[in-house]
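The values are calculated or read from the model by the stated rules, or taken from the named source; none is laboratory data. What you see is a predicted model; the values in this text were computed from it and never measured. Here Cβ is always computed from backbone atoms with ideal geometry, including for glycine, and neighbour counts include all displayed protein chains. The area values use the complete protein model at the heavy-atom level, side chains included, leaving out ligands, DNA and RNA. Shrake-Rupley method; radii C 1.70, N 1.55, O 1.52, S 1.80 Å.
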Amino acid sequence: MRNGLYSAGITITGSGSATPSGRLSNEDLTQMVETSDEWITTRTGIKQRCVAAPGESLVDIGTQASQSALEMANVHPEQLDLVILATSTPDDLFGSAVSIQTALGAKKAVAFDLTAACSGFLFGLVNAAQFIRTGMYQKILLVGADLLSRWVDWSDRSTCILFGDGAGAVVIEATDPQRDALLGFELCSDGQLSHTLTLSHQGDSRTLLDSVQVSQGNYQPIHMKGKEVYRFAVEKVPEVISKALFHAELTSQQVDWLLLHQANQRIMDAVAQRLNLPQESVISNLASYGNTSAASIPLALDEAMRASQLNAGEIIAISGFGAGLTWGAAIVQWQIV
Ligand code: UT7
């Protein structure tokens, strides 16, 4: 009896999302690099993406998404025990979760950032569940937000066409262990493949004293070996979903919705095919937002939820994958009516 082990189960009671105001279409990109709408559409499924203007911050859109999620859940910010911000692009490298906590007025909550690139939301969901299952916390806000436009090399056509900015958030609350929405999960990482997708720091040596040098520099733009990451995703994502389904004591035939990190429509379709799931089960909003990293899953979840696409009792197989490399899956039983 899986649920007999825990003092509480989790339930998702609200979702929200927000994007910055700038829009960049495939046509716009043809003015910047040698590409075409046809190439981007057929290779990725992306049509446009949102980009943050200099005055717009990660904390702004993260807070906006959080407010919508709290409103839907009917939870007051002061009731929150924990705020987790999954991001690789904080406004402040020391962490931006605390700024969202302050902007919301979540005075009682502890807040921290979690970095797992495009798997960040999925890893955050499983993290949040642990705090709830042990009985430590009752109400958690999980935000997935990234502003990758800050770190894209806008002259590199192999990456600049892919990424966009956005934020999504969910409120996760404690419930009866028998009603636990998280039916199974599996998390993985393999640092040996980290070179295939990087946003790494590079510094020059600076001498402070004769015997003491430090490195000073900056983060370099996103670098990706696209084909290798593509192959990794198509192989590992179906595998990790199958493992999570095994933990949930379910088969892929019982999955109603496939909610994957929105990186490439071809990846999503290939994963559905390998799991023998119909194309209609794939939740996708990639065409409108591109790859928004940690925001992509909660952004797609929020849109599907607000479009009344999801029904109570349905099984959603969620999977995140990306830099690290990291990947994972969670099997969730939807409960919002
Ligand atoms: O969020 C983290 C997870 N990330 C991912 O999952 C991304 C995984 N990778 C991918 O989605 C795909 O590999 C890409 C969409 C990035 C690239 O698609 P591809 O089918 O693997 O293309 P490719 O890199 O093999 O490039 C094919 C050709 C090359 O030309 P040649 O060498 O065949 O002459 C590229 O130079 O397409 C060229 N190319 C482009 N052409 C027009 C690359 N980028 C572009 C472009 N427009 N934007």
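Taking the options Val110, Val143, Val170, Val98, name whichever one is among the aliphatic types (A, V, I, L, M), more than 14 Å from the ligand (Cβ to nearest atom) and free of Cβ contacts under 8 Å to residues at least 24 places away in the same chain. Can you show your working first?
On the way: Val110 fails: free of Cβ contacts under 8 Å to residues at least 24 places away in the same chain; Val143 fails: free of Cβ contacts under 8 Å to residues at least 24 places away in the same chain; Val170 fails: free of Cβ contacts under 8 Å to residues at least 24 places away in the same chain.
Going through Val110, Val143, Val170, Val98 in turn, just one is among the aliphatic types (A, V, I, L, M), more than 14 Å from the ligand (Cβ to nearest atom) and free of Cβ contacts under 8 Å to residues at least 24 places away in the same chain: Val98.
One residue is enough: does the range 68-76 have a residue meeting the conditions open to solvent by less than 50 Å² (accessible area, probe 1.4 Å), at pLDDT 95 or above and farther than 30 Å from Ala312 by Cβ? Walk me through it before giving the result.
Residues of the range 68-76 open to solvent by less than 50 Å² (accessible area, probe 1.4 Å): 68-70, 73, 75.
Checking the rest, the ones that are also at pLDDT 95 or above come to 68-70, 73, 75.
Filter again for farther than 30 Å from Ala312 by Cβ, leaving none.
No: the range 68-76 contains no residue that is open to solvent by less than 50 Å² (accessible area, probe 1.4 Å), at pLDDT 95 or above and farther than 30 Å from Ala312 by Cβ.
Considering only residues that are more than 20 Å from the chain's Cα centre (by Cα) and in a helix (DSSP H, G or I), look in the range 217-230 and name the one that is farthest from the ligand (Cβ to nearest atom).
Per the criteria, the residue is Glu228.
Residues Ser66, Ser88: which one is within 29 Å of Thr198 (Cα to Cα), part of a helix (DSSP H, G or I) and hydroxyl-bearing (Ser, Thr, Tyr)?
On the way: Ser88 fails: part of a helix (DSSP H, G or I).
Residue meeting the stated conditions: Ser66.
Checking Asp190 against (1) open to solvent by less than 50 Å² (accessible area, probe 1.4 Å); (2) more than 16 Å from the ligand (Cβ to nearest atom); (3) under 26 Å from Leu286 (Cβ atoms), only one condition comes out false. Which one?
Going through the list (1) open to solvent by less than 50 Å² (accessible area, probe 1.4 Å); (2) more than 16 Å from the ligand (Cβ to nearest atom); (3) under 26 Å from Leu286 (Cβ atoms), Asp190 breaks only (2).
Could you pull out every one of the strands (runs of 3 or more DSSP E) wholly within the range 109-184 that has 2 or more residues that are open to solvent by 10 Å² or more (accessible area, probe 1.4 Å) and out of contact with any Ser or Thr (no Cβ under 7 Å at 6 or more places or on another chain)?
Values: elements: 110-114, 139-147, 165-175.
Answer list for the range 109-184: 110-114.
Picking from Leu275, Leu259, which residue would you name as being more than 15 Å from Tyr230 (Cβ to Cβ) and within 16 Å of the ligand (Cβ to nearest atom)?
Details: Leu275 fails: within 16 Å of the ligand (Cβ to nearest atom).
Criteria check complete, one pass: Leu259.
Only residues that are more than 16 Å from the ligand (Cβ to nearest atom), without any contact (Cβ under 8 Å) to a residue 60 or more places away in the chain, open to solvent by 50 Å² or more (accessible area, probe 1.4 Å) and more than 12 Å from Gly164 (Cβ to Cβ): list them for the range 6-60, please.
Of everything in the range 6-60, those that are more than 16 Å from the ligand (Cβ to nearest atom), without any contact (Cβ under 8 Å) to a residue 60 or more places away in the chain, open to solvent by 50 Å² or more (accessible area, probe 1.4 Å) and more than 12 Å from Gly164 (Cβ to Cβ) turn out to be Ser21, Pro54, Gly55, Asp60.
Is it true that Leu148 is of a type in the set (A, V, I, L, M) and closer than 30 Å to Glu34 by Cβ?
In short, yes.
Would you pick out the residues in the range 194-216 that are open to solvent by less than 80 Å² (accessible area, probe 1.4 Å) and either within 11 Å of the ligand (Cβ to nearest atom) or not in a strand (DSSP E or B) (or both)? Even if it seems obvious, please write down each step before you answer.
Initially, the range 194-216 is screened for residues open to solvent by less than 80 Å² (accessible area, probe 1.4 Å), giving 194, 196-200, 203, 212, 214-215.
Matches in the range 194-216: Ser194, Thr196, Leu197, Leu199, Ser200.
Looking at (1) open to solvent by less than 40 Å² (accessible area, probe 1.4 Å); (2) among the small types (Gly, Ala, Ser); (3) away from the ligand (no atom under 16 Å from the Cβ), which is the only condition Ala86 fails?
The failed condition is (3).
When you go through Leu208, Leu199 one by one, which is the residue that is in contact (Cβ under 8 Å) with a residue 12 or more places away in the chain and either outside the structural domain of Leu141 (by TED's automatic domain parsing) or farther than 29 Å from Ser149 by Cβ (or both)? Even if it seems obvious, please write down each step before you answer.
Numbers: Leu208 fails: in contact (Cβ under 8 Å) with a residue 12 or more places away in the chain.
From the options Leu208, Leu199, the qualifying one is Leu199.
Residue under question is Thr35, and the condition is that it be among the hydroxyl-bearing types (Ser, Thr, Tyr) and assigned to a loop (DSSP other than H, G, I, E, B); does it hold?
Numbers: among the hydroxyl-bearing types (Ser, Thr, Tyr): yes; assigned to a loop (DSSP other than H, G, I, E, B): yes.
Answer is yes for this residue.
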